[in-house]
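Read through the structure below, which is laid out as structure tokens, and then see the notes.
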Amino acid sequence: MPARTSERLSLISRHFNEKLPLPQLNTPFSSERNTLPPDDIDVQVYKPSSPSVLLQSSKQTPATMSSQTPHSTLLIPGPIEFDDAVLQSMSHYAESHVGPAFVKVFGETLSLVRKLFQNIDPKAQPFVLSGSGTLGWDLVASNLIERGEDALVIHTGYFGDSFAACLETYGAKATQLKAPIGDRPSLPQIEQALKEKPYKIVTITHVDTSTGVLNDIKGIAEVVRRISPETLVVVDGVCSVGCEEIAFDAWDLDVVLTASQKAIGCPPGLSIVMTSGRAIDRFKSRKTPPSSYYASMANWLPIMQNYENQKASYFATPATQLVHALHTTLKQITARPLSERVAIHAHASDKVKAAVAELGLSQLASKPENQAHGMTAIYLPEGLTPPDVLPGLAKRGVIFAGGLHKEIASRYIRFGHMGVSVTDPARKDIDNAIASLKEVVVEAKKAKGL
């Protein structure tokens, strides 16, 4: 075999050792992938200097870590841990984004997005774009509302403020309906706001990652349809799609936007948006052109429709390797009933929240009906701050996130429990993290004399 140089190894492939047996890939290229010689024949896989330190409390076996380089378990509210097959999908060889093989994968991926959102209405359209979840805000703000028109933002934390800022950047007038930190506006409050003036759109963060608050999307949509049926219902599902129940058609939603790197379980870099026929009609009836070029539905709608119909099309180059990874994870997710996946996340959430209560700690979202199932925002004991506990968790091979809400950021931490860390029964990520949290809180309190 000809000598291969290390320069040929992609950055992506350094995350796993291809000399180990590869699981079957959920892509049309699995047979080709298994017959081609590896590109990294002369490359030594990177190993941390002290993997034992990283994993000393996690007790994960090499089989559990599989082919990934030993690393601390990432349990923040996204990005999350990834399944090996998903990461290996990203090592797919270079191919044309308008070639028949990729067109087939992309078309199937868009159809799988429909399945994820429980959508069968042909008038609706999924979008998969290169960009972060935030790009979904721009798609909404530049296409579905015009300068000077009103938007009602249901605010449950940091991302309500951010979505409102995005809308205002494009000239919309955003009115925020806020609740105290850790709570959510009630349905009667939302109904009253809708009666006060007409709104073109209502935006709701399904799970605000800064607070762990879960909104009642079904209930809100019912109120909107009853009080203001022409108002578009827009859901920011970045931290909910893949772990919370979302029924796009049954709940009569207009937009659900999300990202690849949270409960969907794909590396960051894809903005995923589901739009209703009503939302597309709103776009088509605009009085002014879309106020963005890259996020313009005028540019992307025909592209998505063509790919879904197995036709090559071009506006901007898609992230081909990421689309392969998304295809793999969506095949995994939709292979089982979505209700089963939601129930598994709910069970893990109950376990985490019971452990938090056992430690005598409280959540930002104090009411059970307000609590997300893919993450938990935890108030620290009085006298402790995130720097008192996060390093101790890291030494035990567990990565949590600090606080994000600007008013209380120094008072809490965030524990993400979604995706493969929850759904793979062979992994003990959640149990190990709970045990580590208990140890670290006790140590930190002792160190502070609390």
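The values are calculated or read from the model by the stated rules, or taken from the named source; none is laboratory data. This is a predicted model, so every value here is computed, not measured. Here the Cβ positions follow ideal geometry from the backbone for every residue, glycine too, while neighbour counts run over all protein chains shown. Just so you know, the surface numbers come from the protein's heavy atoms only, side chains and all, with ligands and any DNA or RNA stripped out. Shrake-Rupley method; radii C 1.70, N 1.55, O 1.52, S 1.80 Å.
Some points to look at:
- The modelled label-to-label distance between S186 and K445, using points 7 Å beyond Cα along the C-beta direction, is 3.5 nm.
- Length released on extending from R226 to I408, taking residue separation times 0.36 nm less the Cα-Cα span: 61.9 nm
- Normalised per residue, the accessible area of the chain is 42 Å², obtained with a 1.4 Å probe and no contribution from ligands, DNA or RNA.
- Of P126, P289, P337, the one that fluctuates the most in a GNM where the chain has Cα springs shorter than 10 Å: P337
- Taking label points 7 Å from Cα along the Cα-to-Cβ direction, A346 and E196 give a separation of 3.4 nm.
- A simple count of charges around K331, restricted to other residues whose Cβ falls under 12 Å of its Cβ and scoring Lys, Arg +1 and Asp, Glu -1, yields 0.
- Applying a DSSP loop filter and a limit of 12 other Cβ atoms within 10 Å to the trypsin sites (Lys or Arg not before Pro) in the range 277-380 leaves K287.
- Pairwise label distance in nanometres, K438 with D424, each label 7 Å out on the Cα-Cβ vector: 2.4 nm
- Ordering 251-261, 382-392 by mean Cβ neighbour count within 10 Å, with the highest value first, yields 251-261, 382-392.
- 20 Å Cα-Cα threshold exceeded, pairs from K218/K331; K115/K218; K104/K284; K123/K311; K331/K428: K218/K331; K104/K284; K331/K428
- Accessible surface of the range 85-334 [probe 1.4 Å, protein heavy atoms]: carbon and sulfur percent: 53 percent
- Annotation note: trypsin sites (Lys or Arg not before Pro) in the range 63-134 located in DSSP loop regions with a Cβ neighbour count of at most 15 within 10 Å are K123.
- Each stretch of four or more DSSP H residues adds -39500 (n - 2.57); spread over every residue of the chain, this sum gives -11000 deg cm²/dmol at 222 nm.
- Efficiency of FRET from Cβ geometry, Q176 and V98, R₀ 56 Å, rounded to 0.05: 0.85
- Three-way shape call for the chain based on the alpha-carbon gyration tensor, with the a/c threshold at 1.5: oblate
- Overall form of the range 146-195 per C-alpha gyration tensor (a/c, 1.5; a/b vs b/c): oblate
- Antiparallel content of DSSP bridges confined to the range 85-334, in %, to 5: 40 percent
- Of the GluC sites (Glu not before Pro) found in the range 401-443, the ones in coil according to DSSP and having at most 13 other Cβ atoms within 10 Å of their Cβ are E407.
- Within the accessible area of the range 340-450 (1.4 Å probe), percent carbon and sulfur: 55 percent
- Choice from G403, G219, G160 with maximal GNM fluctuation in the chain (Cα, 10 Å cutoff): G219
- Axial C-alpha extent at least 20 Å, average Kyte-Doolittle at least 0.5 - helices from the chain (DSSP): 100-116
- Solvent exposure ordering (accessible area, 1.4 Å, most first) of Y199, Y294: Y294, Y199
- Gaussian network model of the chain, springs between alpha carbon atoms under 10 Å - residue of R336, R414, R147 with greatest fluctuation: R336
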